[in-house]
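Reviewing the structure listed below.
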Amino acid sequence: MTAAAQAPPLLQVRDLAVEFGGDGGVVKAVNGVSFDLHRGEIVALVGESGCGKSVTALALLRLVADPPGRITAGSIHFDGEDLLQIPLPLLRDIRGDRIAMIFQEAMNSLNPVHRIGRQIAEPLSLHRAMPMRDALAKAVDLLRSVRIPEALRRSRDYPHQFSGGMQQRAMIAMGMGCEPDIIIADEPTTALDVTIQAQLLELLQQQVVEKQTSILLITHNLGIVARYADRVNVMYAGRIVEQAKAEDIYDRPRHPYTLGLLQSVPRIDQAIGDKLTPIEGQPPDPINPPPGCPFRPRCRFAVTRCDEDIPPLRRLTDSQSIACWVDVDD
Amino acid sequence: MTDPSAPLIEIDNLEVDFEVGGRLFARAGQTKLRAVDGVSLELRRGETLGLVGESGCGKSTLGRTVLHLIKPTGGQVRFDGRALDDLDEIELRQLRRRMQIVFQDPFSSLNPRMSVGEAVAEPMLIHGLAGKDDWRPKVAELFDIVGLGPAMIDRYPHEFSGGQRQRVGIARALAAQPDFIVCDEAVSALDVSIQAQIINLLEELRTRLNLTYLFIAHDLAVVRHISDRVAVMYLGRIVEIAAKSDLFENPLHPYTEALLSAVPIPDRNAEINRQRILLPGEVPSPLSPPSGCALHPRCPKAMAVCRDLKPALRPHGEGHHVACHLYSEDNPGSF
Ligand SMILES: Nc1ncnc2c1ncn2[C@@H]1O[C@H](COP(=O)(O)OP(=O)(O)OP(=O)(O)O)[C@@H](O)[C@H]1O
Ligand SMILES: Nc1ncnc2c1ncn2[C@@H]1O[C@H](COP(=O)(O)OP(=O)(O)OP(=O)(O)O)[C@@H](O)[C@H]1O
Ligand SMILES: [Mg+2]
Ligand SMILES: [Mg+2]
């Protein structure tokens, strides 16, 4: 870990911004996001539904639907090149090969008219010039590794014949197939029960340890973050509001939103309470955000300054930063 | 009218088979996949029954079959005393208003060419709960309670994030003013804060309107929070069912034990110090289920009898049922 942290990051995202234009106005879905991903580490991206996690992930591979989406600013350096600048054919070679994406809604990203095995084999034959026969055999191995029983037989199923969690596992198999440098995993285990979830995350972790793969893990499950992530980025309304090592986030959350997030989780090791404590209120309207800090209307620590100025990300320690004028720890 | 103490839903020995495998295996004659294998359950009025179990064990299939969105291969479902397979199309449609589902996969359950507002209004229009001209305020109200702004009503499903779409699905189910809702991973795509809001909402609606839920979820902390009773499923069968506190404090079935030990806790220190029971071996296939108890090849406590004999679901303590030979009377090791 420490050695990796000193080397230049494998992926360096700076000031990324993505907008969606529509009749109702412009949605600023991602608004100046910066983070690093080092070789062999798992970095989590967490935050409220709609805060821009998936759009950030899609933007990394320029997969945001354009129109209505537009990447309006930023740079994404990968292995010395800016993915936002390189020609599309070069980017296509990288997609699925050196950087793989596990999409959030598996059913929606699998092709309904092709058999599962074939869909997993395709990138192998495309990027690895593997004969289709071998690629299909490898696809069956991959299905087995994500714990699909009777993988050979089930590789001939169509997506609708798989359960929600099986579809998600097929996506993970596809993502791991080419042994990429980076796996972007968008809620890869939401549809999975805890035992298979643990097995798959351990499988991904094994890739990290053995092959120095890097993983950007998008999840709303803070238990998973606690167990698997090295570092965490907390996002709110299109911005990163806290960046820290995983252990620090739990021991000492410093941004009011992170604190609220941790307090809303139902925990299996705690007494059964009457009610959960969600963060009151709603995220801001992304078309007409209020001035000042976007979390201001829901924040119990707010001071006057929060009404006027958007707080930039500032360093508290070597490994922890927050975008907040106050510090809940004080 | 109906007896309020009678169960709302009675599921009796339900079986569901699917055809799978493609032509190659059809010749081998093994294409029948039994997704639900003899499930019997009751849901009382106003109760939340949690349903958990390994991916692919048949939870969604069971949920859909309870609503007769899938026709059962065998067995029966009674809703409010009436057997669903006795009903004709019109009667079934009328009853459908009272039974709704929040689908696991929100995107594929929404029509891409319909604005999400229209999608939520649709059940109201079908069942005469709103008219063509006055659905808007009602939809806006539903949007508000699931935490979506009114500006979103005229947008299309692809413009939404995963969790936003899931909330559209919840609003749509509530729109029909049902008595019973199958929530199939209804909050799994939501971040914890919105998840907490929605769970609080579901609980509030339940008390206010005496709703009944079948709550399918893999997040055991959520299930523990929301359910009155919890059923655990393994390879198409219910292996344990009990009041929530019994199940979580005193799990009997080895599969339930393994399941509970695998739950991640959002606390680094608690997490690092925990013991987990990992089930070894392959997840069994419903195409060729193991003999006897389906768990026996992976079960740390398996005995000789488990290989040969399928354990029945039997009572073991007040309201607690378990399908495991460890607890059968003639097993010397039982207590
Ligand atoms: N194609 C689109 N057109 C218009 N708006 C969009 C589009 N895709 C996403 N958005 C908006 O961008 C914002 C960010 O969406 P995104 O999918 O990144 O959220 P997320 O953080 O992944 O949420 P979730 O946890 O619910 O998946 C949301 O407000 C969403 O409505
Ligand atoms: N339409 C179908 N055709 C063929 N097989 C199917 C079909 N639907 C489900 N199955 C199979 O039935 C079994 C049970 O699936 P089901 O979707 O009920 O599982 P589940 O418990 O909901 O899983 P998950 O937690 O992954 O959503 C699986 O093996 C699945 O592949
Ligand atoms: Mg998303
Ligand atoms: Mg399911």
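Note down the net charge around A:Val209, summing +1 for each Lys or Arg and -1 for each Asp or Glu among other residues with Cβ under 14 Å from its Cβ.
On the way: positive: A:Arg39, A:Lys211; negative: A:Glu41, A:Glu179, A:Glu202, A:Glu210, A:Asp230.
Within the 14 Å Cβ shell, the charges total -3.
Which of the peptides B:48-59, A:25-36 is most tightly packed, and how do the rest follow, judged by the mean count of other Cβ atoms within 10 Å per residue?
On the way: B:48-59: 26.4, A:25-36: 20.2.
Descending mean neighbour count gives B:48-59, A:25-36.
With label points built 7 Å along Cα→Cβ from the Cα atoms of B:Thr73 and B:Ser108, find their separation and express it in nm.
According to this spin-label approximation, the distance is 2.0 nm.
Please report, to two decimal places, log10 I(q)/I(0) for region A:1-157 at q = 0.16, 0.17, 0.18 Å⁻¹ as given by the Debye formula with identical point scatterers on the Cα atoms and no solvent.
Log10 I(q)/I(0), no solvent term: -1.07, -1.15, -1.20.
With runs of 4+ DSSP H residues as the only contributors, calculate the mean residue ellipticity of the protein assembly as shown at 222 nm using -39,500 (n - 2.57) per run, divided by the residue total and rounded to the nearest 500.
Details: 25 runs with 217 residues, N = 665.
Theoretical 222 nm ellipticity from helices: -9000 deg cm²/dmol.
Tally Lys and Arg at +1 and Asp and Glu at -1 over the other residues with C-beta under 13 Å from the C-beta of A:Ile287: what net charge comes out? Kindly include the intermediate steps, with their values, before the conclusion.
Details: positive: A:Lys28, B:Arg155; negative: A:Glu19, A:Asp23, A:Asp285, B:Asp154, B:Glu159.
With Lys, Arg at +1 and Asp, Glu at -1, the net is -3.
Using 0.36 nm times the number of residues separating B:Arg314 and B:Ser5, minus their current alpha carbon distance, what extension gain do you get?
Details: separation 309, 0.36 × 309 = 111.24 nm, distance 2.32 nm.
My answer for the length gained is 108.9 nm.
Going by alpha carbons, how many degrees (0 to 90, nearest 10) lie between the helix axis of B:192-209 and the longest principal axis of chain B?
80 degrees
Determine the percent antiparallel among the DSSP beta bridges restricted to the protein assembly as shown, to the nearest 5.
Numbers: 57 of 94 bridges.
Of the beta bridges lying entirely in the protein assembly as shown, close to 60 percent run antiparallel.
Kirkwood Rh over alpha-carbon pairs of the protein assembly as shown, then Stokes-Einstein at 37 °C and 0.692 mPa s: what D in µm² s⁻¹, rounded to an integer?
Numbers: Rh = 25.9 Å.
Here the translational diffusion coefficient equals 127 µm²/s.
When we measure straight from the Cα of B:Lys32, which aspartates and glutamates land under 16 angstrom away, once same-chain ones fewer than 8 places off are left out?
Excluding near neighbours in sequence, the set is A:Glu150, A:Asp157, B:Glu15, B:Asp17, B:Glu19.
Under a plain spin-label model, where a point goes 7 Å from the Cα along Cα-to-Cβ, how far apart in nm are A:Ala65 and B:Leu209?
3.0 nm
Where in chain A are the helices, taken as whole DSSP H runs, whose Cα atoms extend 15 angstrom or more along the long axis and whose Kyte-Doolittle mean reaches at least 0.0?
Going by DSSP H runs, the hits are A:116-127, A:132-145, A:164-177, A:194-211.
At a 10 angstrom cut-off on C-beta neighbours, averaged per residue, how do the peptides A:197-203, A:286-292 rank from highest to lowest? The partial results should precede the final answer.
Working: A:197-203: 20.1, A:286-292: 14.6.
Those peptides, ordered most packed to least, come out A:197-203, A:286-292.
Count, for each residue of A:56-63, the Cβ atoms from other chains sitting within 10 Å of its Cβ, then give me the mean as a whole number.
On the way: counts 0, 0, 0, 0, 0, 0, 0, 0.
Across A:56-63, the average partner-chain Cβ count within 10 Å equals 0.
Need the list of aspartates and glutamates near A:Lys53 for cross-linking: C-alpha distance under 16 angstrom, and skip anything on the same chain fewer than eight residues off.
A:Asp15, A:Glu19, A:Asp36, A:Glu105, A:Asp186, A:Glu187, A:Glu242, B:Glu159, B:Asp191
Principal axis extents for region A:107-177, Cα atoms only, whole Å, descending order, please.
31, 22, 18
With +1 assigned to the C-beta of every Lys and Arg and -1 to the C-beta of every Asp and Glu, and no other charges, what is the dipole magnitude of the protein assembly as shown about the Cα centre in debye, to the nearest 20?
For the protein assembly as shown, the charge dipole is close to 1200 debye.
Show log10 I(q)/I(0) for chain B at q = 0.13, 0.14, 0.15 Å⁻¹, two decimals, from a solvent-free Debye sum over equal Cα scatterers.
Taking Cα atoms of chain B as identical point scatterers yields -1.06, -1.20, -1.33.
Averaged across the residues of B:219-226, what count of C-beta atoms belonging to other chains lies within 10 Å of each residue's C-beta? Walk me through the intermediate numbers first.
Working: counts 8, 4, 9, 4, 2, 5, 9, 2.
Taking the mean over all residues of the peptide, I get 5.
Can you tell me the orientation of helix B:135-145 relative to chain B, as the angle in degrees between its alpha-carbon axis and the longest Cα principal axis, to the nearest 10?
50 degrees
Which value, to two decimals, describes the C-alpha radius of gyration of region A:145-196 once divided by 2.2 N^0.38 Å?
On the way: Rg = 11.3 Å, N = 52, 2.2 N^0.38 = 9.9 Å.
Normalised Rg, Cα atoms only: 1.15.
Summing Lys, Arg as +1 and Asp, Glu as -1, what charge do residues with Cβ under 15 Å from the Cβ of B:Gly281 carry, B:Gly281 excluded? Please list the in-between numbers first.
Details: positive: A:Arg144, A:Arg147, B:Arg298, B:Lys301, B:Arg307; negative: A:Glu150, B:Glu54, B:Glu282.
Residues close to B:Gly281 contribute a combined charge of +2.
Using alpha carbons only, how many degrees (0 to 90, rounded to 10) separate the axis of helix B:162-175 from the longest principal axis of chain B?
The two axes meet at around 70 degrees.
In debye, nearest 20, what is the charge dipole magnitude of chain B about its Cα centre with +1 on Lys and Arg Cβ and -1 on Asp and Glu Cβ, if you could check? The partial results should precede the final answer.
Working: 37 positive and 44 negative charges, 128 e Å.
Magnitude of the dipole: close to 620 debye.
Which entries in B:Lys59/B:Lys301; A:Lys28/B:Lys138; A:Lys28/B:Lys132; A:Lys138/A:Lys245 show an alpha-carbon gap greater than 31 Å? Let's see the in-between values first.
Values: B:Lys59/B:Lys301 25 Å; A:Lys28/B:Lys138 28 Å; A:Lys28/B:Lys132 33 Å; A:Lys138/A:Lys245 36 Å.
From the list (B:Lys59/B:Lys301; A:Lys28/B:Lys138; A:Lys28/B:Lys132; A:Lys138/A:Lys245), the Cα-Cα distance tops 31 Å for A:Lys28/B:Lys132; A:Lys138/A:Lys245.
Taking the dipole about the Cα centre of the protein assembly as shown, with the C-beta of Lys and Arg at +1 and of Asp and Glu at -1, give me whichever of A:Pro256, B:Leu252, B:Ile194 is farthest to the positive side.
Of the options given, the answer is B:Leu252.
How large is the dipole of region A:169-298 about the Cα centre if only Lys and Arg carry +1 and Asp and Glu carry -1, each at its Cβ, rounded to the nearest 20 debye? Please report the intermediate quantities before stating the final value.
Numbers: 12 positive and 16 negative charges, 78 e Å.
Roughly 380 debye for region A:169-298.
Please compute P(r) over all alpha-carbon pairs of chain A, binned at 10 Å starting from zero, and give each bin as a whole-number percent.
Taking all Cα pairs of chain A, the binned fractions are 6, 25, 33, 25, 10, 2, 0 percent.
Rule-based calculations on the coordinates, nothing more; no lab input. Quantities reported herein were computed from a predicted structural model and do not represent experimental measurements. Neighbour counts are summed over all protein chains in view; Cβ atoms, including those assigned to glycine, are modelled from backbone coordinates with ideal geometry.
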